[in-house]
1. Apply the Karplus curve 6.51 cos²θ - 1.76 cosθ + 1.60, θ = phi - 60°, to the phi angles in region 86-100 and return the couplings in whole Hz, x for Gly and Pro.
2. What residues qualify as long-range amide H neighbours of GLU156, i.e. H under 5 Å apart, gap of 5 or more or another chain, H built at 1.01 Å from N?
3. How far is the Cα center of region 136-167 from the Cα center of region 50-100, in Å?
4. Spin-label point model (7 Å from Cα, Cβ direction): what's the TYR57 to ILE98 distance in nm?
5. What is the fewest-to-most order of LEU161, LEU90 by other Cβ atoms lying within 10 Å of their Cβ?
6. Each residue of region 51-57 in order: what ³J(HN,Hα) in whole Hz does its phi give by Karplus 6.51 cos²θ - 1.76 cosθ + 1.60, θ = phi - 60°, with x for Gly and Pro?
7. If the chain between LEU22 and ASP48 were fully stretched, how many nm would it gain, using 0.36 nm times the residue separation less the Cα-Cα distance?
8. Please give the contour-minus-distance gain from ARG31 to VAL150: 0.36 nm per residue of separation, less the Cα-Cα distance, rounded to one decimal in nm.
Amino acid sequence: MKKLFFSLLLLALPLMVGAQTLKFGYLSYNRALKAMAGYAMAQKNLADLQGKYDAEYKRSEDEFNQKYEEFLDGQRDFAPSILKKRQAELQDFMEKNIIFKKESQRLLQEAEIDAMKPLKVKLNEAIRKIAQEHGFAFVLNTDNDATPYVDPALGEDITTLVCDAVK
């Protein structure tokens, strides 16, 4: 029995010694990302691209509305075959507009991912470097209520350090 107790004590000793509190950092990833020098330019480029897609969609929508009005004005005078042809044209035009809108949204999402990728790589590298310098076991992102409470006595807010490092 003594051997068993002594063996358990020897096994538990390293656990008790290693039971120190881990240091960690936390930050607002979005705030740090927005503080980066290239962020404003990336947002401007994305807004410009969005404006171009919106203008094209508006032009196409106006063209559809004009054709639809012409169709409504002349539908009483059209022969049945012309009426069907014009209805099919309007339907085709509308479907193409819907496809364009979906495709432009997809392309905008891809453009945003592409624009943010180098910024996020740089930001993640800065976070990694600061975490290693301060001996943090991990870094938490406090955005979107992911961590509703962080004890400042156990963790360190590194948002300002990261923002300064990526400017």
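1. Per-residue couplings from phi come out as 5, 4, 5, 4, 5, 4, 4, 4, 5, 5, 5, 5, 5, 4, 4 Hz.
2. PHE24, GLY25, TYR26
3. Each part's Cα centre sits 53 Å from the other's.
4. 1.5 nm
5. Taking fewest neighbouring Cβ atoms as first place, the list is LEU90, LEU161.
6. x, 5, 5, 4, 5, 5, 5
7. On the way: separation 26, 0.36 × 26 = 9.36 nm, distance 4.56 nm.
Between LEU22 and ASP48, full extension yields an extra 4.8 nm.
8. On the way: separation 119, 0.36 × 119 = 42.84 nm, distance 1.73 nm.
Taking 0.36 nm per residue and subtracting the Cα distance, the gain is 41.1 nm.
Since every read-out is calculated from the coordinates, none of them should be taken as a lab result. The structure displayed is predicted, hence computed values, not measured ones. As a convention, Cβ positions derive from the backbone with ideal geometry for all residues, glycine included, and neighbour counts pool all protein chains shown.
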